[in-house]
1. I'd like to know if segment 362-370 contains one or more residues that are surrounded by 13 or more Cβ atoms within 10 Å (Cβ to Cβ) and in a helix (DSSP H, G or I).
2. Looking at segment 87-146, which of its residues are touching a Pro at 6+ places or on another chain (Cβ under 9 Å) and either of a type in the set (Asp, Glu) or at pLDDT 90 or above (or both)?
3. If I filter segment 57-75 for residues that are in a helix (DSSP H, G or I), hydroxyl-bearing (Ser, Thr, Tyr) and either modelled with pLDDT under 95 or crowded, with 18+ Cβ neighbours inside 10 Å (or both), do I get at least one hit?
4. So which pairs qualify, if the first residue must be in segment 393-417 and in contact (Cβ under 8 Å) with a residue 40 or more places away in the chain and farther than 16 Å from Asp381 by Cα, the second must be among the charged types (D, E, K, R) and assigned to a loop (DSSP other than H, G, I, E, B), the Cβ gap must be under 7 Å, and the two must be at least 6 apart or on different chains?
5. Within segment 111-131, how many residues turn out to be part of a strand (DSSP E or B) and either without any contact (Cβ under 8 Å) to a residue 24 or more places away in the chain or among the polar types (S, T, N, Q) (or both)?
6. Picking from Thr387, Thr417, which residue would you name as being among the polar types (S, T, N, Q), surrounded by fewer than 17 Cβ atoms within 10 Å (Cβ to Cβ) and part of a loop (DSSP other than H, G, I, E, B)?
7. So, in segment 416-442, exactly how many residues are within 19 Å of Ile320 (Cα to Cα) and touching a strand residue (DSSP E or B) at 6+ places or on another chain (Cβ under 6 Å)?
8. Going through Ile146, Ile158 one at a time, which residue ends up being in contact (Cβ under 8 Å) with a residue 12 or more places away in the chain, part of a strand (DSSP E or B) and more than 24 Å from the chain's Cα centre (by Cα)?
Amino acid sequence: MNKITNICCIGAGYVGGPTMSVIAKMCPHIKVTVVDINKERIAQWNDTDLDNLPIYEPGLKEIVGATRDKNLFFSTEVDKAINDAEIIFISVNTPTKTYGKGKGQAADLKFIELCARNIAKVAKNDKIVVEKSTLPVRTAEALKNILENTGNGVNFEILSNPEFLAEGTAVEDLLNADRVLIGGDETTSGKKAKDLLSGIYENWLPKERILQTNVWSSELSKLVANAFLAQRVSSINSISALCEKTDANVEEVSRAIGFDSRIGSKFLSSSVGFGGSCFQKDILNLVYISKSIGLPEVADYWEQVIIMNDYQKKRFADNIVTTLYNTVSGKKITFLGWAFKKDTNDTRESAAIYVADALLEEKAEITVYDPQVTDKIVYRDLDYLNTRTPEENKNLLTVVKDPMDGIENAHAIAILTEWDEFKTYDWQAIYDKMLKPAFVFDGRRLLDKEKLEKIGFKYYRIGQS
């Protein structure tokens, strides 16, 4: 095998779908097939209306529209795609375990193992298998054991190729990646496999941006990168609490320290807390690994990043209750935003979920508007917490398709996602529809404080007294 012409990706989610779409666009000579056992998700990827794709990312629908049914295919025929492909990407969900050993911290690898066993059963010729999901260190070793001991005698080369995508900018991150990391064995066949995978990315990225390592370094680098980024967010959020008790402004503090070339300005924006599928999961994985190999102090250090993030969300919810005269029972609070960040419809670990849960426990009546998140997803997120029955959640929370539908007679507005459109709203008209005094709690530091206070709002935002 000197050149790759056929790729299969197992998993049509937030990583697999966009990554394979970009590969198809930049490598028209390669057939790319994305497979998933979720028939509804594959049907959405194949929908003639590109606005109905299961994942919202700026620029994604244009790429899918240009490549789908040419060299990009979405299918539920998993076995056929595996058998035909030379490289198989595994991009399935790896949630944090909710049971047994490692509950609440370790990654649940059951979907990875199922993929490996299916590949072993189906494959009739040599394959390169690529870990694309976020996985704990030494998963490649487990994959190799399964493939070599349950397969049909074919050779499998296992590579680690972690994704470093930020949701909302995933397409741009793929097209102009600052680095691609490929980990594999240092054997002759392992080096050849790494070169073949590198050759795909070299169709649009400079070779010097493609880093080859051993497989363990590659796996650990993903966890550590997210842990370092999350650490910065929790660090500045801890300072935001201090700023609110003094006359300091967290934005000014962030700007001042960001000018220090040793620190830099990225990931120093204070907010109601980080969300998404990667930061919390990867840190918890790092905590579990550290504990399991006898490094409790290392585990405690990284766990504090999660504790601070949870504190920030709780603090935001508590401030709403306290400010609204120590009770929100029966009071209408409008949430602007439910996704964990703008320009994505991903809600995993979104701060909005936990703020809403805390306020619903206080019997608040919440109305939610998000331009990309459906009511089905909002209720699913709340029901997953199992704090109340699904019926109770539906009685206390309403999802609207027009933000103005959720404003009438609201006591307060809470901004939980930094969607740009929120800055363009007619805030005078919003104020006129609300009960007085009208409160705005800005968890993203999105709006103009002076402008809203001039209108008449009681305006509160993270990191400023």
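1. No.
2. Filtering segment 87-146 for residues touching a Pro at 6+ places or on another chain (Cβ under 9 Å) gives 94, 106-109, 111, 131-135.
If the condition is that a residue be touching a Pro at 6+ places or on another chain (Cβ under 9 Å) and either of a type in the set (Asp, Glu) or at pLDDT 90 or above (or both), then Asp108, Glu131 are the ones that fit.
3. yes
4. His411/Lys331; Ile415/Arg444
5. The number of residues fulfilling the criteria is 0.
6. It is Thr387.
7. Adding up the residues that qualify gives 6.
8. On the way: Ile146 fails: part of a strand (DSSP E or B).
Just a single option satisfies the conditions, and that option is Ile158.
The values are calculated or read from the model by the stated rules, or taken from the named source; none is laboratory data. All of these numbers come straight from a predicted model, not from anything done at the bench. As a convention, Cβ positions derive from the backbone with ideal geometry for all residues, glycine included, and neighbour counts pool all protein chains shown.
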